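**Student:** I'd like to ask you about the structure that follows.
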Amino acid sequence: MNTTNVDKQNSHLDLSDPKVKAAFELYQDYAEVPYISPERDLEKWLAAVSIGSEKLVPKRNTIRYEEDILPGHLILLWRINFGTFTNMSGYPKYFEYDYGINGAQALDELQKKGYAYELSPSDSLPYLNAAQLKAILKQFDLTGYSKLKKPELMKLATEHLTDEQLGPHFNIRGYKITPVGEELILKYPEPVDRHPKKKY
């Protein structure tokens with residue numbers, strides 16, 4: 001059984017489970033077994049693979065770079081770089097089924113490695129609409145904002161309120177990649193070049 005790096009993404013799996021063993025055998029010749037969500041119906045997935053209606057993660061996507069990240073991590077960095085990814089964003093199925101990574105775990109790893117970071121409350125204001133911004137300003141008894149547009153509302157909020165004051169009033173936070181993260185995408189362009197493109 002291929003247990004290479006099993007502790008990195010698949011430590012939650014019961015390696016004595018026959019279905020888990022069968023899945024691991026399919027990836028016997030891979031660098032490591034891709035992430036398998038505990039919610040995945042392994043019996044159904046194994047049956048789909050056996051008839052060809054479900055595919056395995058491409059072998060190239062299971063090979064780690066010297067930075068100890070996978071191609072899927074680069075796709076997530078690329079996605080963050082569009083400026084629309086937040087802590088409320090979902091993770092498309094392709095992260096698990098095409099790239100073999102746990103999206104949420106990968107985001108945490110990218111931040112720990114210094115490739116991306118979570119934006120502050122004030123820097124996350126663009127993700128709110130005008131009505132939400134006005135509701136926050138009202139909480140602090142600020143006046144003169146009723147006819148203001150979103151950019152002016154954000155300016156008013158950042159001029160009069162600190163991150164500590166803003167933070168408790170909304171949960172959404174954006175993410176941004178660091179210069180080191182940008183360099184990483186340039187260093188390994190192949191995953192992004194191969195990835196199907198659409199606007200985010």
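The values are calculated or read from the model by the stated rules, or taken from the named source; none is laboratory data. Just so we're clear, the structure is a prediction, and the values are computed from it rather than from any experiment. Quick reminder, even Gly has a Cβ in these numbers, built from the backbone with ideal geometry, and neighbours come from all protein chains shown. Accessible surface areas use protein heavy atoms only, side chains included; no ligands, DNA or RNA. Shrake-Rupley method; radii C 1.70, N 1.55, O 1.52, S 1.80 Å.
**Student:** Go through E183, E39 and list them by solvent-accessible area, largest first, probe radius 1.4 Å.
**Tutor:** Numbers: E183 115, E39 150 Å².
Heavy-atom accessible area, descending, gives E39, E183.
**Student:** Using the structure shown, select from K93/K176; K155/K187; K113/K197 the pairs with a Cα to Cα distance greater than 31 angstrom.
**Tutor:** Details: K93/K176 22 Å; K155/K187 37 Å; K113/K197 26 Å.
Where the Cα-Cα span goes over 31 Å, the pairs concerned are K155/K187.
**Student:** If you stretched the chain out fully between S146 and E25, how much longer would it get, using 0.36 nm times the residue separation minus the C-alpha to C-alpha distance?
**Tutor:** Details: separation 121, 0.36 × 121 = 43.56 nm, distance 6.29 nm.
My answer for the length gained is 37.3 nm.
**Student:** Sticking with this one: Could I have the simple spin-label model distance between Q139 and D7, label points 7 Å from Cα toward Cβ, reported in nm to one decimal?
**Tutor:** Those two pseudo-labels are separated by 4.2 nm.
**Student:** Right, something else. With Cβ to Cβ distances under 9 Å as the rule, what net charge do the other residues near G174 carry (K, R +1; D, E -1)? Before the final figure, lay out each step's value.
**Tutor:** Working: positive: R173, K176; negative: E118, D123.
Spelling it out: positives minus negatives among the neighbours equals 0.
**Student:** Using a 1.4 angstrom probe on heavy atoms only, work out the carbon and sulfur share of the accessible area of the stretch 12-121 in %.
**Tutor:** Working: 2710 of 5410 Å².
Reported share for carbon and sulfur atoms: 50 percent.
**Student:** Where does each of E66, E32, E152 land when they are ordered by accessible area, with a 1.4 Å probe and the largest first?
**Tutor:** Details: E66 150, E32 5, E152 90 Å².
Sorted by accessible area, descending: E66, E152, E32.
**Student:** Equivalent-ellipsoid semi-axes (√(5λ), Cα gyration tensor) for the chain, whole Å, largest first?
**Tutor:** Values: eigenvalues 341, 64, 43 Å².
After diagonalising the Cα gyration tensor, the semi-axes are 41, 18, 15 Å.
**Student:** Working from the alpha-carbon coordinates of the stretch 79-149, get Rg over Rh, Rh being the Kirkwood radius. Numbers along the way, then the final one.
**Tutor:** Numbers: Rg = 16.9 Å, Rh = 14.8 Å.
A ratio of 1.14.
**Student:** Please give the per residue accessible area of the chain, computed with a probe of 1.4 Å over protein heavy atoms only, in Å².
**Tutor:** On the way: 11160 Å² over 200 residues.
With all protein chains present, the chain gives 56 Å² per residue.
**Student:** With a cut-off of 19 Å, note down the residues of the stretch 117-149 whose backbone N falls inside the zone around a label point 7 Å from the Cα of E159 toward its beta carbon.
**Tutor:** Hits in the stretch 117-149 for E159 at 19 Å: 122-126, 130-131, 133-149.
**Student:** Taking 0.36 nm per residue of separation and subtracting the Cα-Cα distance, what length does fully extending E54 through Q132 add?
**Tutor:** On the way: separation 78, 0.36 × 78 = 28.08 nm, distance 4.30 nm.
This chain segment gains 23.8 nm when fully extended.
**Student:** Still on this structure, please answer the following. Once the Cα gyration tensor of the stretch 18-134 is found, what semi-axes does its equivalent ellipsoid get, as square roots of 5 times the eigenvalues, in whole Å, sorted largest first? It would help to have the intermediate numbers written out before the result.
**Tutor:** On the way: eigenvalues 220, 59, 22 Å².
In descending order, the three semi-axes are 33, 17, 11 Å.
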